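Structure record follows, encoded as structure tokens.
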Amino acid sequence: MKQIPFELLVGWRYTRAGRASRRNGFISFISGVSMLGIALGVAALIIVLSVMNGFQKEVRDRMLSVVSHIEIYAADGQALPDVAALTQKVRAHPEVTGAAPFIAAQGLLARGEGMKGILVRGIDPAQEGQVSTFTRSQNAAVVEQLHSGEFGIVLGSELARSLAVFPGDSVTLIAPGGQVTPAGVVPRIKQMTVRGIFDSGHYEYDSSMAMIHWEDAARIFRLEGPAGLRLQLRDLHQARELAAVLQQELGDAYLVRDWTRQNRTWFAAVQVEKRMMFIILTLIVAVAAFNLVSTLVMTVTDKHADIAILRTLGASPGSIMGIFVVQGAMVGVIGTLAGLLLGLGVACNIDVIVPAIEHALGASFLPKDIYLISKMPSDPQAADIVPIGIISLVLAFAATLYPSWRASRVNPAQALRYE
């Protein structure tokens, strides 16, 4: 049976004795504070990053309920030459689960004296559900109200509220560019009937987007057919790779864009914010970890006689150093494990904890009338949790090196002189 190194045994005994001995009560207190600080720092890192991941996932999902995973346009900006053949070609890829033609254009929507700039999307109601998740549930019946030739329009909830319109009202759609008449250039104006109001859960689109039948959009904006094709993928994270493959297959006659490029600025800002929060909160863990320096320095000072006795019994300076490295590492390991358990416990149950706190305080952290998300989301990811644990352990280990080195340099004769 392999014998346990005495450095581990003595280091573990010092750790236990440091808590139990009255003589070392202050050292024990500092050690406990260091352990608690590491645990709280690690837990705070996990909770904050999990909540940020949750917010990012929630906003991304709501955004992708309106924005398709991949969009294909004609490079010249005109209608696609053969939509059926293009649809058949892209659907041959197993990653593609849905495809629908569309027309995207900008215009002005007027109602009385009110006027708003909008994004007009011409859709095929029969196929839109394949690429837009928000049109599959409560908004499905609203989209089905669009029929070719009737010039009906469906408005986002915030857009309808700002113009004070309701289903059945008439609005005026003004298309960019005009038609030349003997009286000059006259803008193209079309009276539209509001067929319904949709709510995607994303303010940006609810306040600026209107949908009409793609054939009506082609007449208004003078196109010969759909201007693009929207694709839904089995895995949204494969969008960039598949977009590159499709671009190579289709050639320069088409322009292929994926959702990560359409919203690059927003996602880049979220990643920068997440990195900064990681750095800031890591400093909390670092401060707690380096409290171990003062704890071990006081322990080394208190244990001078013990160190001298061990040296006279034949212990090498490396063994003495190992004893105090073990003692400090134990505090770091216990603090890190406690922080991981606490952080994961809170992050995985935040949907229960936050409502309980709101009920106890009589407050609402995310009011429904202000924020799009009324519940605190959380998404713990191993890619965040593993580095947090490793960094905490490394910092705690690094904090033990100098005091342990000082312990190994103790002169036995000098230490025993006054004992």
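The values are calculated or read from the model by the stated rules, or taken from the named source; none is laboratory data. As the structure is a computational prediction, the values presented were derived from the model and not from experiment. So basically every Cβ, Gly included, is an ideal-geometry build from the backbone, and we count neighbours across all protein chains shown. For the accessible areas, the whole protein counts, side chains as well, though only heavy atoms, and no ligand, DNA or RNA atoms are used. Shrake-Rupley method; radii C 1.70, N 1.55, O 1.52, S 1.80 Å.
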**Request:** Grab the beta carbon distance between V33 and V272, set R0 = 56 Å, and tell me the FRET efficiency rounded to 0.05.
**Result:** 0.95
**Prompt:** Which residue, chosen from Y205, V354, G328, occupies the Cα position most advanced towards the positive end of the dipole of the chain, where the dipole is computed from +1 (Lys, Arg) and -1 (Asp, Glu) charges on Cβ about the Cα centre?
**Reply:** G328
**Message:** For a quick check of understanding: with a 1.4 angstrom probe and all protein chains in place, what accessible area in square angstrom does H147 have, to the nearest ten?
**Reply:** 90 Å²
**Item:** Solvent exposure of region 195-279 as accessible area per residue, Å², 1.4 Å probe
**Value:** 52 Å²
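With a 1.4 Å probe and all protein chains left in place, how much of the accessible area of region 184-239 comes from carbon and sulfur atoms, in whole percent? List each step's numbers first, then the result.
Numbers: 1160 of 2420 Å².
For region 184-239, the apolar C and S fraction of the accessible surface comes to 48 percent.
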**Neighbour cut-off at most 13 other Cβ (10 Å), DSSP loop, trypsin sites (Lys or Arg not before Pro), region 162-267** = R222, R234
**Asked** Distance in nm between label sites at Q381 and I334, each 7 Å beyond Cα in the beta-carbon direction?
**Response** 3.4 nm
**Asked** Using +1 on the beta carbon of Lys and Arg, -1 on that of Asp and Glu, and nothing else charged, what's the dipole of the chain about the Cα centre, debye to 20?
**Response** 1900 debye
**Item:** FRET efficiency, A244 to Y203 (Cβ-Cβ, R0 25 Å, nearest 0.05)
**Value:** 0.20
**Request:** Would you calculate the separation in nanometres between label points at T265 and Y402, each defined as 7 Å from the Cα along the Cα-to-beta-carbon direction?
**Result:** 4.6 nm
**Complete:** Measuring from its Cα centre, region 67-173 shows a charge dipole (+1 at each Lys and Arg Cβ, -1 at each Asp and Glu Cβ) which, in debye to the nearest 20, is 160 debye
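Could you work out what % of the accessible surface of region 250-361 is carbon and sulfur, using a 1.4 angstrom probe and leaving DNA, RNA and ligands out of the count?
Values: 4040 of 5740 Å².
Within region 250-361, the accessible surface is 70 percent carbon and sulfur.
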**Complete:** Distance in Å, no decimals, from the C-alpha centre of region 317-332 to the one of region 93-159 is 66 Å
**Contact order normalised by residue count of the chain, Cα under 8 Å, 6+ apart, percent** = 28 percent
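When ligands, DNA and RNA are left out and all protein chains stay put, how many square angstrom of accessible area per residue does region 25-150 have with a 1.4 Å probe? Present the calculation step by step, with values, prior to reporting the outcome.
On the way: 5290 Å² over 126 residues.
That works out to 42 Å² for each residue.
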